[in-house]
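First comes the structure, then the notes that go with it.
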Amino acid sequence: MKEDCIFCKIASKEADATVVYEDPHTLAFLDIHPLNPGHTLVIPKKHYANMLEMPAEEAGLVFVSVAKVMRGVEKASKADGISVGQSNGKAASQEVFHMHVHILPRFNQEMMSGFPNRKQTHRAELNEIGKQIKTAIDTEKRS
């Protein structure tokens, strides 16, 4: 754990987040400044500044979780599509230097190039969509 890393604090439960999925290696939680409702981040629990620092096997474990979580996000948000994004370094627009993958619900009425503007939200709204995503992920696990 890196002391000043907010994602490490979320992974260790020292900081608040709306967690929608967790396994021994990864954690998925809602972005506090979402581009759309259901915008979720998947992180490795172990700190790596970016994916370039990660052993390939550990990066693979993150993307196994991404595949599970994106299905739950799509179902719960009723999205028309899903964008998956991952940036490495400041020049690539990385803002939090703990490797993470964005899962972004997309809708037909949005401009299809680029990303929509971030929305303001509140913890109660995050918790509600988070509950729906968790349910959708749990349902998918049983199928």
Can you tell me the dipole magnitude for the chain around its Cα centre, using point charges on the Cβ only (Lys, Arg +1; Asp, Glu -1), in Debye to the nearest 20? 280 debye
Cut-off 17 Å, label point 7 angstrom out along Cα-to-Cβ of A91: give me the residues of the range 37-74 whose amide nitrogen falls inside. 50-53
Counting only protein heavy atoms and using a 1.4 Å probe, what share of the accessible area of the chain belongs to carbon plus sulfur, as a whole percent? 54 percent
Give the residue from G60, T139, G38 lying farthest towards the positive end of the charge dipole for the range 9-143; charges sit on Cβ (+1 for Lys and Arg, -1 for Asp and Glu) and the dipole is referred to the Cα centre. T139
Among F107, T26, A92, whose Cα sits farthest toward the positive end of the charge dipole of the chain (+1 at Cβ of Lys/Arg, -1 at Cβ of Asp/Glu, about the Cα centre)? F107
What number, in percent, do you get for the relative contact order of the chain if the mean sequence gap of Cα pairs under 8 Å and at least 6 apart is divided by its residue count? 30 percent
Treating only the Cα positions of the range 70-132 as identical point scatterers, give the base-10 log of I(q)/I(0) from the Debye formula at each q in 0.13, 0.21, 0.23, 0.25 Å⁻¹. -0.44, -1.08, -1.19, -1.24
Please work out, to two decimal places, the log10 of the ratio I(q)/I(0) at q = 0.09, 0.11, 0.13, 0.18 Å⁻¹ from a Debye calculation in which every Cα of the chain carries one identical scatterer. -0.25, -0.37, -0.53, -1.05
Work out, step by step, the length gained on full extension between N117 and D16: first 0.36 nm times the residue separation, then minus their alpha carbon distance; give nm to one decimal. 34.0 nm
From the cross-link list K46/K119; K46/K90; K13/K78; K2/K131; K9/K68; K2/K119, the entries with a Cα-Cα span beyond 26 Å are K46/K119; K13/K78; K2/K131; K2/K119
Report, in deg cm²/dmol and to the nearest 500, the calculated mean residue ellipticity at 222 nm for the chain, where each DSSP H run with n ≥ 4 adds -39500 (n - 2.57) and the sum is divided by the residue count. -11000 deg cm²/dmol
Gaussian network model of the chain, springs between alpha carbon atoms under 10 Å - residue of E53, E74, E22 with greatest fluctuation: E53
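The values are calculated or read from the model by the stated rules, or taken from the named source; none is laboratory data. Nothing here was measured: the structure is a model prediction, and the numbers come from that model. A quick note on method: Cβ atoms are made from the backbone with ideal geometry, for glycine too, and the neighbour counts reach across all protein chains shown. Side chains included, ligands, DNA and RNA excluded: accessible areas come from the protein's heavy atoms. Shrake-Rupley method; radii C 1.70, N 1.55, O 1.52, S 1.80 Å.
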